[in-house]
Amino acid sequence: MSPSENAPIVEFDRVVFSYSHIEVLHQISFQLARGEVVGLLGPNGAGKSTTIKIMAGILAPGGGTIRVTGLPLPERAVDVKQRIGYVPETAVLFDSLTGQEFLELSGRLHDVAEDTLQMRIRSILETFSLLADRTSRLDSYSKGMRQKILIAAALLHNPELILLDEPLSGLDVNAAIMIKDLIAALSAGGKTILYSSHVLDVVEKVCRRVLIIHQGKLIADGSAESLKASTRESTLEDVFRNLTGSASVDPGVARIVAAMQS
Amino acid sequence: MNRLGEAAGRLLRGPWACRLLQRLGIEPRRFWLLTDLFGQLAERREMTSHLGHNTAALRLNAWILCGMTGLAAVLMLLAQIALAKYFAIFLAMTGVMLAGILFSETGNSLVNPVEGLVLAHQPIDGATYTAAKLTHLARILLYLVPALDGIPAICGLLLGAPWYYPLLHLAAAFLLGCVIALFCCAVFGWLIRFIPARRLKAAGQIAEIVPWTLFLAFQYTRGLFQHIHPSHWLPTGIAALAGLGLAAAGVSVGAVVMGLRCLSGDYLVRISAIVHGSSGAKAGVRRSRTSDLVAWCFGGPPSRAGFEFVSRMTRRDWQFRRQLIPMLPATVMLLVGSAHELRTSPFSGRFTGAQVAPHFFGGILFLICPLLVYGSDYQGAWLFLLAPGRALGPFARGIFAWLWLRIIVMPHVVLLGGAAWFWGMRDAALFTLYSVAVASFYLGLELRLIDGVPFSKPPEPTRQNYLLPFVFLGGGVMAVAVGVQYFFLFHSRPAVLLAALAVGAAACLVTRASLDTFESAIRFNLGLMSAEAKVLYREVEG
């Protein structure tokens, strides 16, 4: 293995990010090794999507240093984007394009040779059972179909690093099982995957390592088993509740019901 | 014609054009991919808010401008003005018109990059992306410059110009258009570089007002320039003057180049922050006494909903504010310019600006009502599909209440205070009563122009153009009404009182009928919206 292959594919060193003078990421540091499948967990507003967007070169950090695939960000953002696949949390697409047209656009922007591109599009759409709908406009797609298109677009150019922000959102059970298998297969093929999700049991099954972000800080980093052992909890969900202080949700639920009946 | 277009296309995508693009730091393959994408989106009506991508709107604009400048050229020919003056007037007219349109379009493209969220994670560099985004400015120039200067350039021959004058005139106009387009891009480049993303939309809107404000301010300050004689401040020697000119040109070119570099360097990294940027301002949760009153008078919680909804959205909706911006400087200048007219009572027997006031409010409402249905957050309109049918009537009355209270009643309260000071309480009260009645009558009629739920449709650049003939027609009707008032009404206070009562009663009847029409329009448009349920309810179907 050459030294560059041993080097981490993602290096976050004391990264800071602010929205409107409010710091949402406080000196976050971690590394992802090549071939790892890492889960990124955290409550709403914890900074998960911001972390992923910074990694994808979409947002520029306010401080700290970042290297993705060995390239510094945000200086080499265009080159980094060429090497990564990103599935955003919301399925924002050009609704008037067809599924085929959207994937062609994405592949061509990533410089995929035309024959290879058409072959990959056909193969991925077939696997996702979207081949019959490929000439329909995206505004006629269901939420799950749109999510599949986003996942397909992220894989077309054979990226080294895949960033998945809530990839199972809107997918039916079969598609979700298929994506989990796909993640395992991609990982076996040497791809690095950062998987952000609220579905903790999926993260527990798919990811070898888990990062938990809470209020902009990295509060846990390790395998699901090691986190369970260190917090003396039996499930990842309990670990999450313990670390993020979300065990006390029941009074809030009672308040909602009381307000509805008042 | 098609063959000519194809040949031009081949030339533009040929090797020499690619080399030129590469020299400018633009990646040709991705540039053409994005340009084709934007064209395709516009063709499929997904990107219609950009004038340069909307061929129908461009053609309509071009025909209207062509008619206006053609008429102006004929008038100048009849007046037999000197050729140099003729050329300068049309060039200035082109500059003012293009500055207004291009500032607005550049702002809309760069400050509201809706497509940016889909493309932000693609490997596209800033220069390529901004160049592709701003290509539609070139289309605007290609349509509007010949429209503005085509007829005047040809008519110049009738003023004794040499045979090559039309070519010279058009070349100068195109050059001016390109300089203005580059200047607009540079201004927004500087703004994007130095203004925080959360304030960018507001800053962009202020920048859009600047050309109109300068133009109108110049109308009021021409006399000042004649007294100050700025030419006296300049050095007299040719060499010094040339040096000063070169330095000024150098600074201008430098500022434009730096602005463009800011745009190509920073833009793509800032897109996500720009799209998601909010002012960060927090609104209070206090309960408004006015909305309590509206709920009590106009039909309970749904009317309060209509009142509060329009009240908040008119202040916060970016596209709505953007549509009103070109009208704002003219309105403010008109109000400031006619403030001194308040000293003279409309009952003095003389014609005063105050006599125009009720029709002025009618005019303002005429501009606002048709624009009310368009907004940035139109996709949130699905909420109204869930409202019970019986709530739509009071909801429409709540919207009427906002228009009546905020645009008619509140300004008249201020007017009453000022007028009472100069004319005495009796005349001020009588005039205010009359003015409120007339403005309410206008509102009653103009409610019919609100074609659906407010802020429920994406903006359409052609909409204002379709209204243009009605603006001229309405202006004529209002001028006749002002004349009738002056000659037959304002000489007798009892006549004004009677007229106020009669117009007020008519306003009530008209408003009642128009509210029914408005409610039907809301129902009809909600029906259309639910017919497109596959778009709105794709999650449910999935």
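The values are calculated or read from the model by the stated rules, or taken from the named source; none is laboratory data. Just so it is clear, the model here is predicted, and its values are computed rather than measured. So basically every Cβ, Gly included, is an ideal-geometry build from the backbone, and we count neighbours across all protein chains shown.
One table, with the values for the structure above:
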item: Test: B:Ala217 is among the aliphatic types (A, V, I, L, M), surrounded by 21 or more Cβ atoms within 10 Å (Cβ to Cβ) and farther than 17 Å from B:Ser109 by Cβ; result: no
item: Filtered residue count, the range B:319-372, keeping only those that are over 30 Å from B:Leu497 (Cα atoms) and free of Cβ contacts under 8 Å to residues at least 60 places away in the same chain; result: 2
item: Residue match in the range B:499-512 (condition: within 18 Å of B:Phe361 (Cβ to Cβ), in contact with a helix residue (DSSP H, G or I) (Cβ under 8 Å, 6 or more places away or on another chain) and not in a helix (DSSP H, G or I)); result: no
item: Hits in the range B:365-411 - residues which are among the hydroxyl-bearing types (Ser, Thr, Tyr) and part of a helix (DSSP H, G or I); result: B:Tyr378
item: Residue in the range A:1-15 that is surrounded by fewer than 17 Cβ atoms within 10 Å (Cβ to Cβ) and modelled with pLDDT of 90 or more present; result: yes
item: Within the range A:124-156, considering residues that are hydroxyl-bearing (Ser, Thr, Tyr) and within 11 Å of chain B (Cβ to nearest Cβ), the one farthest from the chain's Cα centre (by Cα); result: A:Ser136
item: A:Ile179 in a helix (DSSP H, G or I), closer than 28 Å to A:Phe12 by Cα and away from chain B (no Cβ under 11 Å); result: yes
item: Count - residues of the range A:205-220 that are free of Cβ contacts under 8 Å to residues at least 40 places away in the same chain and either farther than 19 Å from A:Gln31 by Cα or touching an Asp or Glu at 6+ places or on another chain (Cβ under 8 Å) (or both); result: 1
item: Residue match in the range B:26-34 (condition: at the interface with another protein chain (Cβ under 9 Å from one of its Cβ atoms), touching a residue at least 24 places away in the same chain (Cβ under 8 Å) and touching a His at 6+ places or on another chain (Cβ under 9 Å)); result: no
item: Yes/no for A:Gln82 being over 17 Å from B:Ile271 (Cα atoms), within 9 Å of another protein chain (Cβ to nearest Cβ) and not basic (Lys, Arg); result: yes
item: Test: B:Pro301 is of a type outside the set (S, T, N, Q) and buried (at least 21 other Cβ atoms within 10 Å of the Cβ); result: no
item: Those residues of the range A:108-122 which are surrounded by 13 or more Cβ atoms within 10 Å (Cβ to Cβ) and more than 14 Å from chain B (Cβ to nearest Cβ), in sequence order; result: A:Thr116, A:Gln118, A:Arg120, A:Ile121, A:Arg122
item: Any hit, the range A:63-71, residues being buried (at least 18 other Cβ atoms within 10 Å of the Cβ), within 10 Å of another protein chain (Cβ to nearest Cβ) and aliphatic (A, V, I, L, M); result: no
item: Selection count where residues are in contact with a strand residue (DSSP E or B) (Cβ under 9 Å, 6 or more places away or on another chain) and part of a helix (DSSP H, G or I), scope the range B:86-142; result: 0
item: Residue within the range B:182-192 that is among the β-branched types (Val, Ile, Thr), more than 30 Å from B:Gln80 (Cα to Cα) and in contact (Cβ under 8 Å) with a residue 24 or more places away in the chain present; result: yes
item: Out of A:Val210, A:Val173, sole residue that is at pLDDT below 85 and either touching a Leu at 6+ places or on another chain (Cβ under 7 Å) or over 23 Å from A:Pro43 (Cβ atoms) (or both); result: A:Val173
item: Test: B:Ala171 is of a type in the set (A, V, I, L, M) and surrounded by fewer than 21 Cβ atoms within 10 Å (Cβ to Cβ); result: yes
item: Residue check for A:Leu40: away from every other protein chain (no Cβ under 13 Å) and either in a strand (DSSP E or B) or touching a Pro at 6+ places or on another chain (Cβ under 9 Å) (or both); result: yes
item: Close pairs from the range B:516-542: first away from every other protein chain (no Cβ under 14 Å) and at positive phi, partner modelled with pLDDT under 50 and surrounded by 14 or more Cβ atoms within 10 Å (Cβ to Cβ), Cβ under 8 Å, at least 6 apart; result: none
item: Residue under evaluation A:Arg137, criteria (1) crowded, with 18+ Cβ neighbours inside 10 Å; (2) of a type outside the set (A, V, I, L, M, F, W, C); (3) free of Cβ contacts under 8 Å to residues at least 24 places away in the same chain, criterion not met; result: (3)
item: Odd one out for B:Asp516 among (1) part of a helix (DSSP H, G or I); (2) at pLDDT below 90; (3) among the acidic types (Asp, Glu); result: (2)
item: Among residues of the range B:28-72, those that are farther than 22 Å from B:Gln323 by Cα and either aromatic (Phe, Trp, Tyr) or not in a helix (DSSP H, G or I) (or both), counted; result: 4
item: Number of the condition not met by A:Pro8 [criteria: (1) free of Cβ contacts under 8 Å to residues at least 60 places away in the same chain; (2) within 12 Å of chain B (Cβ to nearest Cβ)]; result: (2)
item: Residue that is nearest to the other protein chains (Cβ to nearest Cβ), among those in the range A:157-166 that are in contact with an Asp or Glu (Cβ under 9 Å, 6 or more places away or on another chain) and either closer than 15 Å to A:Leu40 by Cβ or in a helix (DSSP H, G or I) (or both); result: A:Asp165
item: Condition check for A:Ala46: in contact (Cβ under 8 Å) with a residue 40 or more places away in the chain, crowded, with 17+ Cβ neighbours inside 10 Å and over 21 Å from A:Pro8 (Cα atoms); result: yes
item: Qualifying residue in the range B:44-58 (condition: at pLDDT 85 or above, more than 14 Å from every other protein chain (Cβ to nearest Cβ) and either over 15 Å from B:Tyr143 (Cβ atoms) or surrounded by 18 or more Cβ atoms within 10 Å (Cβ to Cβ) (or both)); result: no
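Conditions tested, residue by residue: (1) of a type outside the set (A, V, I, L, M); (2) surrounded by 17 or more Cβ atoms within 10 Å (Cβ to Cβ); (3) at pLDDT 85 or above.
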position: B:Trp318; (1), (2), (3): yes, yes, no
position: B:Leu328; (1), (2), (3): no, no, no
position: B:Val336; (1), (2), (3): no, no, no
position: B:Phe347; (1), (2), (3): yes, yes, no
position: B:Asp377; (1), (2), (3): yes, no, no
position: B:Pro388; (1), (2), (3): yes, no, no
